[in-house]
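The values are calculated or read from the model by the stated rules, or taken from the named source; none is laboratory data. Predicted model only: the values in this text are computed from it and were never measured. For neighbour counting, all protein chains shown are included, and Cβ atoms are generated from backbone atoms with ideal geometry for every residue, glycine included. When the accessible area is computed, the model is the full protein with side chains, heavy atoms only, and any ligands, DNA or RNA have been set aside. Shrake-Rupley method; radii C 1.70, N 1.55, O 1.52, S 1.80 Å.
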Amino acid sequence: MKKYLIFGVVLLFLNSSISVMAQSKENSHSLSSGDWLYVGGFGPGNYTRIQDALNASSDGDTVFVFSGRYFERIFINASVHLLGEDAVSTDIDGSNVVQNKGLVNILSDGVLIDGFTLEKGFTGIWIPGQENVTVSNVRIQESPNDGITVRDSSDVSIVRSLLFGHYMF
């Protein structure tokens, strides 16, 4: 009985601290006007894949991604905020993904991506013809082609981000 009580208290604490981390990030990005969708957390309504949450999102929504390694290539088709819990521990890994453009493909205006490590993508981030895009607190490593490719776009901000290796913009 004592083991179950300790397990329950630990689980309760873990869920509480995860909620606090998400709320802390939520408060720092209060510009979002829509719903919040969560990836990699616990409980009902959490997605296991980033792309699934992005597909369910609409303009103005925020997709919050808990720390972890996500083996996928993503396409952002709505004006959303894509927030990783922590740039060092929230990793989008393209090592098992067939790619010809970006690991993260921003295909909508008004996108914010913040708090990720992107690795092993042909190109880390692909921004073809978009406006008002912000890439913040992103680490790109082991991308053999380009770190970030911006084509025919305007008002693109890249702040507090690191590119490891030899890259071209």
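Some observations on this one:
- Only one of the numbered conditions (1) open to solvent by 10 Å² or more (accessible area, probe 1.4 Å); (2) in contact (Cβ under 8 Å) with a residue 40 or more places away in the chain is not met by Gly115, and that is (1).
- Residues of region 88-99 that turn out to be buried (at least 22 other Cβ atoms within 10 Å of the Cβ) and not small (Gly, Ala, Ser), as a count: 2
- Exactly one residue among Gly124, Gly102, Gly147 is open to solvent by less than 10 Å² (accessible area, probe 1.4 Å), more than 21 Å from Ala53 (Cα to Cα) and out of contact with any helix residue (DSSP H, G or I) (no Cβ under 7 Å at 6 or more places or on another chain), and that residue is Gly147.
- Options Glu85, Glu131; residue that is of a type outside the set (Lys, Arg), open to solvent by 40 Å² or more (accessible area, probe 1.4 Å) and touching a residue at least 60 places away in the same chain (Cβ under 8 Å): Glu85
- Residue that is farthest from Gln130 (Cα to Cα), among those in region 55-65 that are crowded, with 20+ Cβ neighbours inside 10 Å and either touching a Ser or Thr at 6+ places or on another chain (Cβ under 8 Å) or without any contact (Cβ under 8 Å) to a residue 12 or more places away in the chain (or both): Val65
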